[in-house]
Ligand code: SF4
């Protein structure tokens, strides 16, 4: 069972998730401290999450719009929160897939703070309200990256494959 | 099969024919651009090679561009150290399309790429910056990616798992009224279709207004296409593209003019007549919160910013200087001008524009992103209001979540700096 710890509306930009003034901090492991930094309340709640929590941020349309900064994803990934959004902006979505931030697309989803959710492959069940919402699956091309454990390992495997192909061509 | 321009470019770059939206391809990359976030790309790139017998070498150093612009000169020791790390990597990997903090060849990435002739029609360009959409102005398919994806491109030379995007065709007709231009058009379009109206799609720009527009104007509209969520904006290359590349970017070699097929399949067609358009303003805190200038004129402002990858080009500075020449900016107003590149700065100096700004009371800053993303060089105070020619007005964007940012064209910015409040340039300035 996962718990909704925060709800936000439409068009939440990466400037809100990870303000530009912290962009000199680039290493993924150093970014979690600045998640939603302009909302000190929520930032503090994120920082106080216990290990193995199951916490969800529920968002409206176009979550993660704006800048391509990957810190906006690594900062949330660092807290191991789950994002359930009606829709997600393209670069943020791809960055989430690449870094392994768990994102769920549920176009009709409705939830309030403190609601409990049961999330499965194809639906989000809000056990507090009893309502259930369809999950839109990610395209196969993106699922492959997730299954490989993220883009770094996916690329590593591709690189090794590509290079050995080239070697065998030379031989 | 008849294809849109992006379908055609992707089909060539991935060696596949008959592409349609939703197909997954692996296009070869012609140019891969990063800025200071190259420090993160390097980190991820080295991780890819960890545990392999391979040497961490980029796939093709001549296709990588790195431009320092977001925080120049460095605002903190942390940034300076990141920049140093990138310089060392650039030297080790022999990356020569590197633009350090310099007065001659430095500037904002989305100006440096076009003016240096790095972008050609038909190219596939990726950049670790969302406004990489800009380069569609030269007929390239150019889109923003994250740092890890860039690391993957540096290793493989191709982008993995790219879905062919559906295309929206926007037909633009009519001549712009006086003091109305490309910025007003793109703000109007974003207001009309919303900040997510083009999500996961490409906008292909057509029509007489686009044909008559200079590359500088096309860069404005492609730059801001991402503010409607578009993967990219693109203008089919034409004589103006050739003129720009030959005369302004010094490109000598032959050009591959990829244009869309007649009868290509568009997801949506939008027609816009600009002949009656009034100056447009994006109000806080979303770029699609668009109003005509008469609805916001009189709004008090504290800081005016002219510059950025959207409107820091020579024609922008010329228009602003024309409005401001011989006048003084209002008391209580700070006006900051950021030429988009060192070359533009020099040209503006030669034309006397820098003098015009300074005499009026504006501060002319070094080329770079400036306060556009709220790190340094002009952050806002609590509750202050900025009027800016940049492209984003999100809460906190100029460094202060209690401040407000309005977006406009360079002429509106200049007229308003003189008046001290948001002002319609067509009404004249006293
Ligand atoms: S000027 Fe602003 S929008 Fe353009 S690249 Fe710099 S920070 Fe990004």
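The values are calculated or read from the model by the stated rules, or taken from the named source; none is laboratory data. Predicted model, so just to flag it, every value in this text is computed and none were measured. Here Cβ is always computed from backbone atoms with ideal geometry, including for glycine, and neighbour counts include all displayed protein chains.
Summary of values
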{"item": "Subset of segment B:236-254 that is in contact (Cβ under 8 Å) with a residue 40 or more places away in the chain and surrounded by fewer than 17 Cβ atoms within 10 Å (Cβ to Cβ) - its residue that is farthest from the chain's Cα centre (by Cα)", "result": "B:250"}
{"item": "Any strands (runs of 3 or more DSSP E) falling wholly within segment A:79-120 and containing at least 2 residues that are surrounded by fewer than 21 Cβ atoms within 10 Å (Cβ to Cβ) and in contact with a strand residue (DSSP E or B) (Cβ under 7 Å, 6 or more places away or on another chain)", "result": "A:102-105, A:116-119"}
{"item": "In segment B:373-391, the residues that are within 19 Å of residue A:37 (Cβ to Cβ), within 12 Å of the ligand (Cβ to nearest atom) and in contact with a helix residue (DSSP H, G or I) (Cβ under 7 Å, 6 or more places away or on another chain)", "result": "B:373, B:374, B:375"}
{"item": "Those residues of segment B:139-159 which are more than 16 Å from the ligand (Cβ to nearest atom) and in contact with a strand residue (DSSP E or B) (Cβ under 9 Å, 6 or more places away or on another chain), in sequence order", "result": "B:139, B:140, B:141, B:149, B:152, B:153, B:154, B:157, B:158, B:159"}
{"item": "Enumeration of residues in segment B:315-329 that are crowded, with 18+ Cβ neighbours inside 10 Å and either within 16 Å of residue B:419 (Cα to Cα) or within 16 Å of the ligand (Cβ to nearest atom) (or both)", "result": "B:316, B:317, B:320, B:321, B:323, B:324, B:327, B:329"}
{"item": "Complete set of residues in segment B:196-235 that are within 16 Å of the ligand (Cβ to nearest atom) and surrounded by fewer than 24 Cβ atoms within 10 Å (Cβ to Cβ)", "result": "B:216"}
{"item": "Residue within segment B:167-182 that is more than 10 Å from every other protein chain (Cβ to nearest Cβ), part of a helix (DSSP H, G or I) and surrounded by 22 or more Cβ atoms within 10 Å (Cβ to Cβ) present", "result": "yes"}
{"item": "Among the candidates B:39, B:32, B:13, residue that is within 10 Å of another protein chain (Cβ to nearest Cβ), crowded, with 18+ Cβ neighbours inside 10 Å and either in contact with a helix residue (DSSP H, G or I) (Cβ under 6 Å, 6 or more places away or on another chain) or more than 20 Å from residue B:309 (Cβ to Cβ) (or both)", "result": "B:39"}
{"item": "Options B:107, B:51, B:15, B:38; residue that is within 27 Å of residue A:157 (Cβ to Cβ) and in contact with a strand residue (DSSP E or B) (Cβ under 7 Å, 6 or more places away or on another chain)", "result": "B:38"}
{"item": "Contacts under 6 angstrom Cβ, first residue in segment B:89-111 being within 14 Å of chain A (Cβ to nearest Cβ), partner away from the ligand (no atom under 16 Å from the Cβ), 6 or more apart", "result": "B:89/B:42"}
{"item": "Neighbours by Cβ (under 6 Å, 6+ apart or cross-chain): first from segment B:351-369, on the phi > 0 side of the Ramachandran plot and more than 14 Å from chain A (Cβ to nearest Cβ); second at pLDDT 95 or above and away from the ligand (no atom under 16 Å from the Cβ)", "result": "B:361/B:328; B:361/B:329"}
{"item": "Residue within segment B:344-360 that is surrounded by 20 or more Cβ atoms within 10 Å (Cβ to Cβ), within 16 Å of the ligand (Cβ to nearest atom) and within 18 Å of residue B:311 (Cα to Cα) present", "result": "yes"}
{"item": "Residue among A:83, A:12, A:5 that alone is away from chain B (no Cβ under 14 Å) and under 30 Å from residue B:142 (Cα atoms)", "result": "A:83"}
{"item": "Matching residues in segment B:404-424 - criterion: being within 16 Å of the ligand (Cβ to nearest atom) and surrounded by 24 or more Cβ atoms within 10 Å (Cβ to Cβ)", "result": "B:405, B:407, B:408, B:409, B:410, B:413"}
{"item": "Test result for residue B:130, within 16 Å of the ligand (Cβ to nearest atom), touching a residue at least 12 places away in the same chain (Cβ under 8 Å), within 11 Å of chain A (Cβ to nearest Cβ) and surrounded by 20 or more Cβ atoms within 10 Å (Cβ to Cβ)", "result": "yes"}
{"item": "Candidates B:410, B:401 - the one that is free of Cβ contacts under 8 Å to residues at least 60 places away in the same chain and at negative phi", "result": "B:401"}
